[in-house]
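The values are calculated or read from the model by the stated rules, or taken from the named source; none is laboratory data. This one's a predicted model, so the numbers in the text were calculated from it and none came from an experiment. Counting neighbours? That spans all protein chains shown, and the Cβs are built from the backbone with ideal geometry, glycine included. The area values use the complete protein model at the heavy-atom level, side chains included, leaving out ligands, DNA and RNA. Shrake-Rupley method; radii C 1.70, N 1.55, O 1.52, S 1.80 Å.
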Amino acid sequence: MNAPEGTPPRRRILATGPGGRERWRALALVLPLLVFAGVTFLAPLGTMLLRSVYDPVVADALPETIAALRAWDGEGLPPEAVYDAAARELGLAREARTLGQVAGRVNRVESGLRSVFTRTARDLGDVTGGPWRDVMAGIDSAWVEPATWHAIRATGERFTARHYLNAVDMQRLPDGSVARQPEERRIYLPLLWRTLLVSLAITVLCLALGYPIAHLIAHAPARRANLLLALVLVPFWTSLLVRTTSWIVLLQTQGVINDLLVALGLIGDDGRLSMIYNMTGTLVAMTHVLLPFMVLPLYSVMRSIPPLHMSAAASMGATPGQAFRRVYWPQTLPGVGAGSLLVFILAIGYYITPALVGGSSGQLISNMVAYHMQTSLNWGLAAALGALLLVGVLGLYLLYDRLVGVERMSLG
């Protein structure tokens, strides 16, 4: 195919020459992957981020009520016009079957209002005239409390930072200021800190266990190294659910480990250790699951280090500890960094293992995200919590790039 007239000679060569055709062919081969990544990753990610700040349910169902509340100064009770609009639109929402969604959103800001909304909308069907303030107050006294209307006005914002404030245990007061949640409702920041600490602990455990294993494999004879590497890869060939269930069998009070300790006389039958449905179970099971992600990057780096380096250090008078610290360890840092970053990022978003073996004290923030997605159906808050995790992971990646350099990362 000839290039269009007027195309500069160099551009015409690029468009029609072998190099240009190769580029178009390469683009055609990559295009399905780009489409797949866009549909399965970028689109859900964008939807999640949008849900964390955009919630139009109340604004769509009660537009006149929200508009009237914007003119309210927030002092005392709103005017009769607000009650009139609310009485009319509650009935319309009940007919449109959106009342449950509206009541659920408002109930998240001010608890106890779900039943108030449903009962009021039902009873208003038998009322023919106002004044609506007296009518609604007769149905439920919550309608003559300013907190109810503040909650409706807060949830009537289409774009809101409310979910992000809740995700860090903060709230917006009626006067517009931001304050901390009451002590009994502060659950997300402690969970975030627990998730970070657990992920860091698992990373350290995987490094402490994986470093000598990778060193052993890298310096073992070929046949033994292949066998050891196969044993490291066994978890990849086993279902995650099967591995986690196996740890439940091993760690439970009447499990294999406790039975062995009792048989050896190390503990009494009435003093069996509690190693499951707590933080111990979470640490043990997640370390086992994530250990290969530490061993493989370390092994790929260690096998490329010539053994003569340590011999040369010893010949120059270095002790084994000095040779390791000043010669071997610095050369393995790309593998250490890659494995640590990989394990930490995977651990911070783990869900199945903590859910099965963690109990109430071993749950992580990912379990709370799943709860809001599947049980409470508060997708906005779940999206905000997920967005905070995403920002944390990106921040960690940028910090690693700044301190060590991503180009030094070795994943094997």
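Any residue in the stretch 46-72 that's touching a residue at least 40 places away in the same chain (Cβ under 8 Å) and surrounded by fewer than 17 Cβ atoms within 10 Å (Cβ to Cβ): show its pairings with residues that are assigned to a loop (DSSP other than H, G, I, E, B) and among the β-branched types (Val, Ile, Thr) at Cβ separation under 9 Å, as long as the two are six or more apart or on different chains.
Here the result reads Tyr54/Thr160, each pair linking the stretch 46-72 to a residue that is assigned to a loop (DSSP other than H, G, I, E, B) and among the β-branched types (Val, Ile, Thr).
Could you please find all residues in the stretch 166-177 being of a type outside the set (Asp, Glu) and open to solvent by 30 Å² or more (accessible area, probe 1.4 Å)? Before the answer, list the steps.
Step one: list which residues in the stretch 166-177 are of a type outside the set (Asp, Glu), which gives 166-168, 170-174, 176-177.
Matches in the stretch 166-177: Asn166, Val168, Met170, Gln171, Arg172, Leu173, Pro174, Gly176, Ser177.
Looking at (1) surrounded by fewer than 17 Cβ atoms within 10 Å (Cβ to Cβ); (2) without any contact (Cβ under 8 Å) to a residue 24 or more places away in the chain, which is the one condition that is false for Val369?
That leaves (1) as the condition not met.
Return the residues of the stretch 88-129 that are over 37 Å from the mean Cα position of the chain (by Cα) and not charged (D, E, K, R); say none if nothing qualifies.
Of everything in the stretch 88-129, those that are over 37 Å from the mean Cα position of the chain (by Cα) and not charged (D, E, K, R) turn out to be Gly91, Leu92, Thr120, Ala121, Leu124, Gly125, Val127, Thr128, Gly129.
Would you check which residues across the stretch 285-321 are within 21 Å of the chain's Cα centre (by Cα), open to solvent by 50 Å² or more (accessible area, probe 1.4 Å) and hydrophobic (A, V, I, L, M, F, W, C) and list them?
The answer is Phe293, and nothing else.
Restricting the first residue to the stretch 262-285 and requiring it to be under 25 Å from Arg243 (Cβ atoms), which pairs with a second residue that is outside any helix (DSSP H, G or I) and open to solvent by 60 Å² or more (accessible area, probe 1.4 Å) meet a Cβ separation below 7 Å and a spacing of at least six or different chains?
Arg272/Thr253; Ser274/Thr253; Ile276/Gln252
What do you reckon, is Ala387 buried (at least 21 other Cβ atoms within 10 Å of the Cβ), within 30 Å of Asp55 (Cα to Cα) and hydrophobic (A, V, I, L, M, F, W, C)? Outline the logic, then answer.
Working: buried (at least 21 other Cβ atoms within 10 Å of the Cβ): no; within 30 Å of Asp55 (Cα to Cα): yes; hydrophobic (A, V, I, L, M, F, W, C): yes.
Spelling it out, it is not the case that Ala387 is buried (at least 21 other Cβ atoms within 10 Å of the Cβ), within 30 Å of Asp55 (Cα to Cα) and hydrophobic (A, V, I, L, M, F, W, C).
Under the condition of being open to solvent by less than 50 Å² (accessible area, probe 1.4 Å) and in a loop (DSSP other than H, G, I, E, B), which residue from the stretch 135-160 is nearest to Gly76 (Cα to Cα)?
The qualifying residue nearest to Gly76 (Cα to Cα) is Asp140.
With Thr47, Thr118, Thr128, Thr65 as the choices, which residue is of a type in the set (S, T, N, Q) and not in a helix (DSSP H, G or I)?
Among Thr47, Thr118, Thr128, Thr65, only Thr128 is of a type in the set (S, T, N, Q) and not in a helix (DSSP H, G or I).
Keeping to the stretch 170-193, report how many residues are charged (D, E, K, R), in contact with a helix residue (DSSP H, G or I) (Cβ under 8 Å, 6 or more places away or on another chain) and in a helix (DSSP H, G or I).
Of the residues in the stretch 170-193, 0 are charged (D, E, K, R), in contact with a helix residue (DSSP H, G or I) (Cβ under 8 Å, 6 or more places away or on another chain) and in a helix (DSSP H, G or I).
Tell me whether the stretch 337-355 contains one or more residues that are open to solvent by 70 Å² or more (accessible area, probe 1.4 Å) and of a type in the set (Ser, Thr, Tyr).
Yes, some residue in the stretch 337-355 is open to solvent by 70 Å² or more (accessible area, probe 1.4 Å) and of a type in the set (Ser, Thr, Tyr).
Out of everything in the stretch 20-33 that is open to solvent by 100 Å² or more (accessible area, probe 1.4 Å) and of a type in the set (A, V, I, L, M, F, W, C), what residue ends up being farthest from Ala383 (Cα to Cα)?
Of everything passing the filter in the stretch 20-33, Trp24 is farthest from Ala383 (Cα to Cα).
Every residue in the stretch 300-334 that is small (Gly, Ala, Ser), outside any helix (DSSP H, G or I) and over 17 Å from Pro212 (Cα atoms), please.
Once the filter is applied, which keeps residues that are small (Gly, Ala, Ser), outside any helix (DSSP H, G or I) and over 17 Å from Pro212 (Cα atoms), the stretch 300-334 yields Gly317, Ala318.
Since Ile267 meets every condition but one in (1) more than 21 Å from Ser360 (Cβ to Cβ); (2) modelled with pLDDT under 90; (3) assigned to a helix (DSSP H, G or I), which condition does it not meet?
Every condition holds for Ile267 apart from (3).
Given the options Pro297, Pro235, Pro292, name the one that is at pLDDT below 85, within 22 Å of Leu346 (Cα to Cα) and in a helix (DSSP H, G or I).
Numbers: Pro297 fails: at pLDDT below 85; Pro292 fails: at pLDDT below 85.
So the residue among Pro297, Pro235, Pro292 that is at pLDDT below 85, within 22 Å of Leu346 (Cα to Cα) and in a helix (DSSP H, G or I) is Pro235.
If I ask for residues that are of a type outside the set (D, E, K, R) and either on the phi > 0 side of the Ramachandran plot or crowded, with 17+ Cβ neighbours inside 10 Å (or both), which ones from the stretch 119-134 would you list?
Thr120, Ala121, Leu124, Trp132
Only residues in the stretch 119-142 that are over 15 Å from Leu99 (Cβ atoms) count as the first member; pair them with residues that are at pLDDT 90 or above and not in a helix (DSSP H, G or I), Cβ under 7 angstrom, at least 6 apart or cross-chain, and list the lot.
Within 7 Å, no pair qualifies.
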